[in-house]
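Structure first, commentary second.
The values are calculated or read from the model by the stated rules, or taken from the named source; none is laboratory data. All figures in this text were calculated on a predicted structure; none of them were measured in a lab. FYI the Cβ positions are ideal-geometry reconstructions off the backbone, even for glycines, and counts take in every protein chain you see.
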Amino acid sequence: MVTTADSRLTLLRRLAWACVLLMLVVTTASAWLRLAQPRPACFDWPACRSADRPVAAAMVPPMLGAPATLALVRGTHRASATLVLLVVIAVAALTLAKPPRRWAAGRLALALLVLALALSVLGIVTPGSRASGVLLGNLLGGLLMLGLSWRLATQLAGWPEASPALRRWARLGAALWMAQAALGALSGSGHWSAAPVAHMALALVAGSCSLGVGLAARQQGRRVEGTGLLSMTGLQFALAAAAAGSAAAPAWVLLHNIGAALGLALMLGLGRRAES
């Protein structure tokens, strides 16, 4: 017999997976809009971003920056971000409003709500800003929301927690991937001339960590996450090579951004504790 609690759990699971998909759309659209902005031409990345190079004329990427395309991507970004906010409010209410309360899921929902509101305020008070703080706030906030959405969905789906050692390594890996994402964004924006070199150097550390976490996850029976993380890490290196070989072509960088978002989500999922 299906109870009210069972029906509520089913609805929560659907909302959580919807939040994951919506946040993937939001982070992809955000990366698209960022990469479509005019930027100096680059023909020999990362050397073209060094401080001793004269600044080249700014160019708009023809494929990503077409006016009609940008209008569609902006509309998709706004609609998806609004839906995420509504979904998160619904999840928070369903988990915390009445018994049986799901405190762990409720805390994740509240964290997502705080992040969503903070990003909304950031967008309102800094419209069109290219400051490094605004850039990193939007980027890291969106990636963290995607990762927490994945953690929420897997928790509500009843996926078991990882071992304490694997959780610690997964959290370290998530921190490294976040740092990689920040350095990647700074590399393309020109805010820090040393960012491209730091980005490439940290890639070896972050990649090694994620490969180890992926292998350990598979050994512990977490085949979905382990295989996904191993595949995503290999794909990231391939996309990075393609981007570097094409003078940081925006299309390759966009795919690289999406891979980073997915890899970070898998890491944060493995780093969660059991529900309490």
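Would the stretch 79-101 turn up any residue that is in contact (Cβ under 8 Å) with a residue 24 or more places away in the chain and exposed (fewer than 13 other Cβ atoms within 10 Å of the Cβ)? Yes, there is a match, as at least one residue in the stretch 79-101 is in contact (Cβ under 8 Å) with a residue 24 or more places away in the chain and exposed (fewer than 13 other Cβ atoms within 10 Å of the Cβ).
For the stretch 138-159, the count of residues that are charged (D, E, K, R) and over 13 Å from the mean Cα position of the chain (by Cα) is zero. Between R218, R273, the distinction of being in a loop (DSSP other than H, G, I, E, B) and either surrounded by fewer than 21 Cβ atoms within 10 Å (Cβ to Cβ) or of a type in the set (F, W, Y) (or both) belongs to R273 only.
Would you mind stating whether A201 is farther than 19 Å from T154 by Cα, surrounded by fewer than 23 Cβ atoms within 10 Å (Cβ to Cβ) and either at pLDDT 90 or above or small (G, A, S) (or both)? Yes; evaluated as a whole, the condition is true for this residue. State all residues of the stretch 155-178 that are in a loop (DSSP other than H, G, I, E, B) and charged (D, E, K, R); if no residue qualifies, say none. Within the stretch 155-178, just E161 meets the criteria.
Here G128, G141 are screened, and the one residue that is within 19 Å of W177 (Cβ to Cβ) and either small (G, A, S) or not in a helix (DSSP H, G or I) (or both) is G141.
Taking the stretch 177-195 only, how many residues are more than 12 Å from S132 (Cα to Cα) and in contact with a Phe, Trp or Tyr (Cβ under 7 Å, 6 or more places away or on another chain)? Total satisfying the criteria: 0.
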